[in-house]
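One structure is given here, and the rest of the page talks about it.
Taken together, the values in this text are just the output of simple stated rules run on the coordinates, not laboratory data. It should be emphasised that the depicted structure is a prediction, and the values quoted were computed from it without experimental measurement. Cβ atoms come from the backbone with ideal geometry, glycine included; neighbour counts cover every protein chain shown.
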Amino acid sequence: MAVVAEGLHKVMKNGSIPQITIHLLQLRAGQILGSTYFTIRETGNLRQAGESEERITAVATWRDATYFTDAERVALELVEAVLSPNPSGERVPDELYAKASAHYDDKALWTLIMAIAHIGFFTPAALIAKPIPGMPPGQNYSD
């Protein structure tokens, strides 16, 4: 498990997309999944990176908010598409993939995909084991 997690972390820090974008999409993922741990972790990461409270708060309503770039909007739309059930079929339609490809080159697009995969990889731990929000990794589970 640690090897997979390390690989995902390495890819997410390859410099092809801003770390802020990764934190924004992971915050949105935490909100969609109902994970207090992810939501608090990514809110803290964004604050530490100097993001405004307005931008952090507006992630929940990003479609109507004016705080995000077009590239950030595509990242948020992509994570929503992946994590939201679609009873009529495909979650990521070709149009959304084309929109993402217009903002991100191949390496950056794969980085976004791996950032979403990172959340998917840790979702069972966050929802079943319930890590303690605000505690550092490795110290975030009760006895």
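For region 27-130, the convex hull spanned by the alpha carbon atoms encloses 113 Å³ per residue. Annotation note: GluC sites (Glu not before Pro) in region 65-112 located in DSSP loop regions with a Cβ neighbour count of at most 16 within 10 Å are Glu90. Highest mean first, the peptides 60-67, 23-30 sorted by other C-beta atoms within 10 Å per residue fall in the order 23-30, 60-67.
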